[in-house]
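Asker: This structure is in structure tokens; I'll ask about it shortly.
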Amino acid sequence: MRQFTKTVLFTDADGRARFKEESVALDQGTPQSMLSEVFASGGYQLRTSPVGFRSEFHCTGAPQWVFILSGQMEIGLQGGASRVFGPGQHFFSADVLPEGASFDPTVHGHWSRQVGPDPLVTLFVRS
């Protein structure tokens, strides 16, 4: 059985955003075209961000896949860790505000920014 590695940006028990890796089974289809199960989605949205774009710390409003179509996107976490995603790369953003919490930009969420000489174009697919 083949697997797909899913990078997940999530809210940990302490309320802080972190990255983790999960495996998704590719146990359907044929040996030439291995597939996962079909997952539900709730619509998609395209975004372009100019050179120099950077957000403030924020949480994801609703869990969603983020696909980088062109340019590069850096995601930064509390404490200074970050990852850069380029064209063809993706991650699952699920770092929602913990239930009952009030947003605290020194604890919750992540920031994002455009990296490099090209504008950032992303596709968001709600789960």
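Asker: Condition check: in contact with an Asp or Glu (Cβ under 9 Å, 6 or more places away or on another chain), under 18 Å from HIS110 (Cα atoms), of a type in the set (Phe, Trp, Tyr) and surrounded by 14 or more Cβ atoms within 10 Å (Cβ to Cβ). Does PHE85 satisfy that?
Answerer: Taking the combined requirement at face value, the residue satisfies it.
Asker: Read through the list (1) in contact with an Asp or Glu (Cβ under 7 Å, 6 or more places away or on another chain); (2) surrounded by fewer than 15 Cβ atoms within 10 Å (Cβ to Cβ), then give the number of the only condition that SER55 fails.
Answerer: (1)
Asker: Taking ARG83 as the residue in question, decide whether it is basic (Lys, Arg) and within 11 Å of the chain's Cα centre (by Cα).
Answerer: yes
Asker: Quick check: is even one residue across region 96-105 within 14 Å of the chain's Cα centre (by Cα) and among the hydroxyl-bearing types (Ser, Thr, Tyr)? Spell out the reasoning first.
Answerer: Filtering region 96-105 down to residues within 14 Å of the chain's Cα centre (by Cα) leaves 96.
The next check asks that each one be among the hydroxyl-bearing types (Ser, Thr, Tyr); those that pass are none.
Scanning region 96-105 turns up no residue that is within 14 Å of the chain's Cα centre (by Cα) and among the hydroxyl-bearing types (Ser, Thr, Tyr).
Asker: Do we have any residue at all in region 48-58 that's in contact with a Ser or Thr (Cβ under 6 Å, 6 or more places away or on another chain), under 14 Å from LEU120 (Cβ atoms) and either touching a residue at least 24 places away in the same chain (Cβ under 8 Å) or not hydroxyl-bearing (Ser, Thr, Tyr) (or both)? Before the answer, list the steps.
Answerer: Going residue by residue through region 48-58, those that are in contact with a Ser or Thr (Cβ under 6 Å, 6 or more places away or on another chain) are 55.
Next cut, under 14 Å from LEU120 (Cβ atoms) only: 55.
Now restrict to residues that are either touching a residue at least 24 places away in the same chain (Cβ under 8 Å) or not hydroxyl-bearing (Ser, Thr, Tyr) (or both): 55.
Within region 48-58, one or more residues are in contact with a Ser or Thr (Cβ under 6 Å, 6 or more places away or on another chain), under 14 Å from LEU120 (Cβ atoms) and either touching a residue at least 24 places away in the same chain (Cβ under 8 Å) or not hydroxyl-bearing (Ser, Thr, Tyr) (or both).
Asker: Moving to a separate point now. Within region 26-38, identify whether any single residue is among the hydrophobic types (A, V, I, L, M, F, W, C) and within 24 Å of ASP118 (Cβ to Cβ), and answer yes or no.
Answerer: No: region 26-38 contains no residue that is among the hydrophobic types (A, V, I, L, M, F, W, C) and within 24 Å of ASP118 (Cβ to Cβ).
Asker: Return yes when ALA94 is loosely packed, with under 14 Cβ neighbours inside 10 Å and under 23 Å from PHE4 (Cα atoms) and no when it is not. Let's see the steps before the verdict.
Answerer: Numbers: loosely packed, with under 14 Cβ neighbours inside 10 Å: no; under 23 Å from PHE4 (Cα atoms): yes.
Judged against the criteria, ALA94 is not a match.
Asker: Moving on. Testing PRO98 on (1) at pLDDT 95 or above; (2) assigned to a loop (DSSP other than H, G, I, E, B); (3) under 16 Å from LEU9 (Cα atoms), one condition comes back false. Which one is that?
Answerer: Only one criterion is unmet by PRO98, namely (1).
Asker: Hey, another quick one. Of all residues in region 6-32, which are modelled with pLDDT of 95 or more and of a type in the set (Ser, Thr, Tyr)?
Answerer: THR7, THR11, SER23
The values are calculated or read from the model by the stated rules, or taken from the named source; none is laboratory data. Quick caveat: nothing in here was measured; it's all calculated off a predicted structure. Note that we place each Cβ from the backbone using ideal geometry, even for glycine, and neighbour counts take in every protein chain shown.
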